[in-house]
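The values are calculated or read from the model by the stated rules, or taken from the named source; none is laboratory data. Please read these numbers as outputs of a predicted model, since none were measured by experiment. Heads up, the Cβs are rebuilt from the backbone with ideal geometry, glycines too, and the neighbour counts pull from every protein chain shown.
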Amino acid sequence: MRLLSASYDHSYQAVDSNALRRSPESLDPTAFFARASVKNKFSTAIEEEVLEQKLEGKVALITGASSGIGRATALALGRHGVKLALVGRSAERLEQVANKSASETLVLSTDLSAPGSVKHVVDATTERFGRIDILLPNAGIYIPGEVAEGDPNAWDKLIAINVSAVFRLARAVLPSMIKQASGQFIVTSSVAGHQALVGEPIYSASKHAIQAFVHGLRRQTMEHNIRVGSVAPGIVLNELWGYTDSVAVDAKVEAREGLRSEDVADAVIYMLTRPANVTIRDLVILPQLQDI
């Protein structure tokens, strides 16, 4: 029997399977695992190629792109050839992300709670790239604490960014996605959107609103070939949670008590690259030891 074997460099050669069975090397565990390693590398290369084919040339608008999950997701998408519209408040930090990106980028510095800001970023993205294929509302504000001691003005700001800006982005982008009969919309939510947390009722309420919005919006848009979902991480060791020391982050990750922003970015890439017949509506991603 003649088989085709493939090496990592994509070259092919004919192999006699009977000879393989007769060969002493075929009984050598070291040789077996060496061949398995080559096979795994080859499979990984094929998977990466498939991802690039699914994402390359797409246009993504990402809010909160200057740090944390937004930054990690932007860089991950850039590696797959996605054109990026990066939205955030700090032009300097957005430029740093753009400089690290492997793809074409547009930097849009704005406060999404400001009147007209959402229309501005959507119009600018469409003018630059001609379309929007992927919308990733990721910008967020985290305010924990006792309601009896809270600042209602700060809550209003939180709702403006965590909730209203997401609604407005969807309203601005969906008509063009419906017209082009394709699109993906993934919101960064939180486990707090699935279970109200005692120390953060205002933040939890904002994320519950997002979950309700995602579920309803998906049902409105599914017949237009638009996929809608949310990624809901637990503890992410980034600036939003007050983690800026890389040594402390490494220790928490090693202890399985927290996620890196890159872990969440990987989950978003996974959601974006599912087959056309598959929608992941809710993806909860937790550190192994988070008790929730």
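Name every residue in the range 235-292 that is more than 18 Å from Arg71 (Cβ to Cβ) and among the basic types (Lys, Arg), in order of residue number.
Lys252, Arg256, Arg274, Arg281
Return the residues of the range 206-223 that are of a type in the set (A, V, I, L, M, F, W, C), under 20 Å from Val191 (Cβ atoms) and surrounded by 18 or more Cβ atoms within 10 Å (Cβ to Cβ); say none if nothing qualifies.
Ala209, Ile210, Phe213, Val214
In the range 242-274, what residues are modelled with pLDDT under 95, surrounded by fewer than 16 Cβ atoms within 10 Å (Cβ to Cβ) and assigned to a loop (DSSP other than H, G, I, E, B)?
Gly242, Thr244, Asp245, Ala255, Arg256, Glu257
Could you check how many residues of the range 69-82 are surrounded by 24 or more Cβ atoms within 10 Å (Cβ to Cβ) and either over 16 Å from Val187 (Cβ atoms) or touching a Leu at 6+ places or on another chain (Cβ under 8 Å) (or both)?
At the first step, the residues of the range 69-82 found to be surrounded by 24 or more Cβ atoms within 10 Å (Cβ to Cβ) are 69-71, 73-74, 77, 82.
Pick out the ones that are also either over 16 Å from Val187 (Cβ atoms) or touching a Leu at 6+ places or on another chain (Cβ under 8 Å) (or both) and you get 70-71, 73-74, 77, 82.
Count: 6.
Could you list, in sequence order, all residues of the range 131-153 that are over 22 Å from the mean Cα position of the chain (by Cα) and either more than 22 Å from Glu239 (Cβ to Cβ) or free of Cβ contacts under 8 Å to residues at least 12 places away in the same chain (or both)? Steps first, answer last, please.
Just the residues of the range 131-153 that are over 22 Å from the mean Cα position of the chain (by Cα), to begin with: 143-153.
Those that are over 22 Å from the mean Cα position of the chain (by Cα) and either more than 22 Å from Glu239 (Cβ to Cβ) or free of Cβ contacts under 8 Å to residues at least 12 places away in the same chain (or both): Glu146, Val147, Ala148, Glu149, Asp151, Pro152, Asn153.
On the given criteria, is Ile202 buried (at least 19 other Cβ atoms within 10 Å of the Cβ), free of Cβ contacts under 8 Å to residues at least 60 places away in the same chain and within 17 Å of the chain's Cα centre (by Cα)? Outline the logic, then answer.
Details: buried (at least 19 other Cβ atoms within 10 Å of the Cβ): yes; free of Cβ contacts under 8 Å to residues at least 60 places away in the same chain: yes; within 17 Å of the chain's Cα centre (by Cα): no.
The answer is no for Ile202.
Just a yes or no: is a residue in the range 226-233 assigned by TED's automatic domain parsing to the domain that holds Gly78, surrounded by fewer than 18 Cβ atoms within 10 Å (Cβ to Cβ) and either part of a helix (DSSP H, G or I) or charged (D, E, K, R) (or both)?
no
Yes or no, residue by residue, for (1) more than 22 Å from Gly193 (Cα to Cα); (2) in contact with a Cys (Cβ under 8 Å, 6 or more places away or on another chain); (3) of a type in the set (D, E, K, R):
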{"site": "Arg79", "(1), (2), (3)": "yes, no, yes"}
{"site": "Val82", "(1), (2), (3)": "yes, no, no"}
{"site": "Gly116", "(1), (2), (3)": "yes, no, no"}
{"site": "Phe129", "(1), (2), (3)": "yes, no, no"}
{"site": "Asn138", "(1), (2), (3)": "no, no, no"}
{"site": "Asp151", "(1), (2), (3)": "no, no, yes"}
{"site": "Ala172", "(1), (2), (3)": "yes, no, no"}
{"site": "Met177", "(1), (2), (3)": "yes, no, no"}
